[in-house]
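Following: one structure in structure tokens, then a few remarks.
The values are calculated or read from the model by the stated rules, or taken from the named source; none is laboratory data. This is a predicted model, so every value here is computed, not measured. When we count neighbours, we look across all protein chains shown, and the Cβ atoms used for this are built from the backbone with ideal geometry, even at glycine. Note: areas computed on protein heavy atoms with side chains; ligands, DNA, RNA excluded. Shrake-Rupley method; radii C 1.70, N 1.55, O 1.52, S 1.80 Å.
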Amino acid sequence: MEKRIPVTVIKELPDTDLIMNALKHSCIYTSEITLRTDCALDAIRLAKKNHPDMRIGAGTVLNAEACAKAIEAGAGFIVSPGLSADVADVCKQHNIPYYPGCVTPTEIMAALDLGLDVLKFFPADVYGGVKAIKAFSSVFQKVKFIPTGGVNAENESEYLALPNVAAVGGTYLVSDALKKYKEDRNG
């Protein structure tokens, strides 16, 4: 797993290639394309087709139906803002990694009961950030977190320094990559 997972909101399908190229220009070969727009599933298909060197997943997956559609579109991993046993079941059936949002001990234990031990920590800034994740390390020794929500270029190194953080995620990775890509192409 890459240490940085861009949370990618694609509003217009033609933006897919530009965004994927910008991410690769920044040496990022993973993208979580969120299911927040009408073209998201088509963007996953296009990214998989045109960028086979990238790991493309689906984010903001709220139910089993959306999960199945994302996997059918080519998503190689699934991310949810919360924990869904139904989504976990669909992912298990397709042997696809599932990273559900879990921020309380009860949610983390429920995820562990489902066989999940890499969990999204969202929104990280609201639920205690680095301090909370650090506190969980002694109790949930096998769990790795992917904090998103409030993670940015200024604090990502704090998160990545924690041994129980598998990666960080956020939309800032997309905006930073696009900015750098455009500057380098025009400069």
Filter region 4-13 for residues that are surrounded by 15 or more Cβ atoms within 10 Å (Cβ to Cβ) and either under 13 Å from Lys180 (Cα atoms) or of a type in the set (Lys, Arg) (or both) and give the result.
Arg4
Please work out which residue is farthest from Ala43 (Cα to Cα), limiting yourself to region 80-89 and to residues that are open to solvent by 10 Å² or more (accessible area, probe 1.4 Å) and among the aliphatic types (A, V, I, L, M).
Ala85
If I ask for residues that are open to solvent by 50 Å² or more (accessible area, probe 1.4 Å) and part of a helix (DSSP H, G or I), which ones from region 47-67 would you list?
Lys48, Lys49, Asn50, Glu65
Does any residue of region 104-112 turn out to be crowded, with 17+ Cβ neighbours inside 10 Å, of a type in the set (Val, Ile, Thr) and within 14 Å of the chain's Cα centre (by Cα)?
no
Within region 1-30, the residues that are hydroxyl-bearing (Ser, Thr, Tyr) and closer than 13 Å to Leu46 by Cα are Thr16
Residues (in contact with a Lys or Arg (Cβ under 8 Å, 6 or more places away or on another chain) and either open to solvent by 10 Å² or more (accessible area, probe 1.4 Å) or small (Gly, Ala, Ser) (or both)) located in region 14-34
Ala22, His25, Ser26, Tyr29, Ser31
Give the residues of region 154-187 that are more than 17 Å from Ser31 (Cα to Cα), without any contact (Cβ under 8 Å) to a residue 40 or more places away in the chain and of a type outside the set (D, E, K, R), sorted by residue number.
Asn155, Ser157, Tyr159, Ala161, Leu162, Pro163, Asn164, Val165, Asn186, Gly187
Is it true that Leu116 is touching a helix residue (DSSP H, G or I) at 6+ places or on another chain (Cβ under 7 Å) and in contact (Cβ under 8 Å) with a residue 12 or more places away in the chain?
yes
Scan of region 35-46 for residues that are part of a loop (DSSP other than H, G, I, E, B), in contact with a helix residue (DSSP H, G or I) (Cβ under 9 Å, 6 or more places away or on another chain) and surrounded by fewer than 20 Cβ atoms within 10 Å (Cβ to Cβ), ordered by number
Thr37, Cys39
Would you check which residues across region 121-149 are surrounded by fewer than 20 Cβ atoms within 10 Å (Cβ to Cβ) and either among the aliphatic types (A, V, I, L, M) or in contact with a strand residue (DSSP E or B) (Cβ under 8 Å, 6 or more places away or on another chain) (or both) and list them?
Val126, Tyr127, Gly129, Val130, Ala132, Ala135, Val139, Lys144
So Lys92 fits all but one of (1) among the basic types (Lys, Arg); (2) farther than 24 Å from Phe145 by Cα; (3) surrounded by fewer than 16 Cβ atoms within 10 Å (Cβ to Cβ); what number is the exception?
(2)
For residues that are buried (at least 21 other Cβ atoms within 10 Å of the Cβ) and more than 15 Å from Phe122 (Cα to Cα), scanning just region 150-187, find the one that is farthest from the chain's Cα centre (by Cα).
Ala177
